[in-house]
Amino acid sequence: MPTTHLTSEDLQARTVHAVAAAMGAGRALGLVVYEPKVLHDVFSVVVHLSPSPVVVRVPVVLPPGLDGPPQAARQARELAAVAWLADRGLPVVRPSPLVPREPVRRDGYSMTFWEFVEVDASREPDYVAEAALAADLHAALRDYPGELPFLSPLAASVPTCLALLEENPGLLAPADLDRARAEWGVLAPVLSSREAFAAMFPTANIQPIHGDGPSYNIIRTTSGVRYADFEDVNLGPVEWDLSFLGPDGIAVYNAAAARAGIRPLDPAVLRVMDAARMLLVVTCHALVPQLPMLAEALAPSMQTWRTMPFAGGLS
C-alpha cells in the first residue's frame, strides 16, 4: 500500500498531539502537569510532565504492524525488565513509581511513564569506554526470569518493512532492495528462532539482552550513569548488543566480561549480528514517510552496507 509522506506541518502537529496525549494521560493518573517540556522528538516524543518528576515516552514512528497489542506487549516487557533490574540495584532509569507500571493508551498513542533524571550536560559520551557497562548489564540480565521473544527487533520489523519498500519503490534503490531481500532470505532461517540459531552457533551465549546497544543508550545524570531505553529487550546473543562497536570497544567489553565472569564475544557471531543490524538499518527506509529526516541520516550507513560482506559471510 502506498504511504503518505508527512510534511513539516504534519510533524509539528504530531508532536503537539503526542504532548497533549501525554498530559491528558498524566493528569488522568493524578499527576500535576503545568509546563510539559519536550526532551526528545524523533522516533518517540519524550515529554517531562513538569513539575511532576515524570517523563513520558510516546512512540510516534513505528514499523508496520507494531502498533496496538504488539506495541503494548513490547512496552510491558520493557517495564517489567527495567523494574526487575532496578530492584536488584542496577543503575537504570526506572519506571515512575507515581503511576501503575503498565502502558497507557490515550488518543491513539500507547505510552510509558518513567522517573525524571537530571542530565549532566558536562559529561561527554565515550561509547568505547562505556562498552564495559554493557558487560555488567549482560551479567545482571542473565538471571532475568521474564519471558522474552528471540531477536524480536528483526522479526518485528524487517519482513514488514521489506514488504512496504516493495510497495513503495521510490524509497530504496532497486539494487539495494534486491540485496536486502536476498540477505534476509539468508539470515531469516538462522535468526528467526532460538533453535535455528543454536544449530548454526552451538557455543553462542543466548540470554536476555538490552536489544538496542546499551553503550549508546546510557544517560549521564548528575548522580551517575543510568541504563535506559530497553524498548527492544529480548532474548538473543550478546553480540547483538555490541554491533558496530569496533575493535577497541570489543576489547573493552571482553575485558569487562572476564571480570564479570561471562564469556567474551564470538567473532563469527558478531559478523552475523553486524550484518543483521545493518539490514535492520537499511529497511528503516520504510519509515522515511513518517520521519523524512531519516533519508539523509541513513545515507552513510548505506555506503557502509554496500561494502560489507553479504549476510555476514553466511550462505
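What are the residues in segment 277-315 that are in contact with a Ser or Thr (Cβ under 9 Å, 6 or more places away or on another chain), closer than 30 Å to F201 by Cα and of a type in the set (A, V, I, L, M, F, W, C), if any?
Correct list: M278, L280, V281, V282, C284.
Residue-by-condition table, conditions (1) closer than 30 Å to A139 by Cβ; (2) surrounded by fewer than 17 Cβ atoms within 10 Å (Cβ to Cβ); (3) modelled with pLDDT under 95:
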position: P169; (1), (2), (3): no, yes, yes
position: A175; (1), (2), (3): no, yes, no
position: R181; (1), (2), (3): no, yes, no
position: V190; (1), (2), (3): yes, no, no
position: F197; (1), (2), (3): yes, no, no
position: M200; (1), (2), (3): yes, yes, no
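In segment 282-313, what residues are surrounded by 18 or more Cβ atoms within 10 Å (Cβ to Cβ) and not in a loop (DSSP other than H, G, I, E, B)?
V282, T283, C284, H285, A286, L287, L294, W305, A311, G312
Regarding P214, is this residue buried (at least 21 other Cβ atoms within 10 Å of the Cβ) and at pLDDT below 95?
Working: buried (at least 21 other Cβ atoms within 10 Å of the Cβ): yes; at pLDDT below 95: yes.
In short, yes.
For P264, all conditions in the list (1) crowded, with 20+ Cβ neighbours inside 10 Å; (2) farther than 30 Å from A173 by Cα hold save one; what is the number of the exception?
(1)
If D176 satisfies every condition in (1) charged (D, E, K, R); (2) in contact (Cβ under 8 Å) with a residue 60 or more places away in the chain; (3) not in a helix (DSSP H, G or I) but one, which is the exception?
Every condition holds for D176 apart from (3).
Could you say whether any residue in segment 51-74 is free of Cβ contacts under 8 Å to residues at least 24 places away in the same chain and either in the same structural domain as V288 (by TED's automatic domain parsing) or part of a strand (DSSP E or B) (or both)?
yes
Considering only segment 88-109, how many residues are assigned to a loop (DSSP other than H, G, I, E, B) and touching a residue at least 60 places away in the same chain (Cβ under 8 Å)? Show your work before the answer.
As a first pass, look at segment 88-109 and keep what is assigned to a loop (DSSP other than H, G, I, E, B): 88-91, 93-94, 96-103, 107-108.
So of that shortlist, the ones also touching a residue at least 60 places away in the same chain (Cβ under 8 Å) come out as 90-91, 93, 98-100, 107-108.
Qualifying residue count, segment 88-109: 8.
Count, please, the residues in segment 261-315 that happen to be of a type in the set (A, V, I, L, M, F, W, C) and under 17 Å from S192 (Cα atoms). Steps first, please.
In the first step, residues of segment 261-315 are kept if they are of a type in the set (A, V, I, L, M, F, W, C); the result is 262, 265, 268-270, 272-273, 275-276, 278-282, 284, 286-288, 291, 293-295, 297-299, 302, 305, 308, 310-311, 314.
In the following step, the residues that additionally are under 17 Å from S192 (Cα atoms) were identified as 269-270, 272-273, 275-276, 278-280, 311, 314.
The qualifying residues number 11.
Looking at segment 17-26, can you tell me whether even one residue there is under 23 Å from L287 (Cα atoms), outside the structural domain of A295 (by TED's automatic domain parsing) and touching a His at 6+ places or on another chain (Cβ under 8 Å)?
no
The values are calculated or read from the model by the stated rules, or taken from the named source; none is laboratory data. Since the structure is predicted, the reported quantities are computational estimates derived from the model, not experimental observations. Counting neighbours? That spans all protein chains shown, and the Cβs are built from the backbone with ideal geometry, glycine included.
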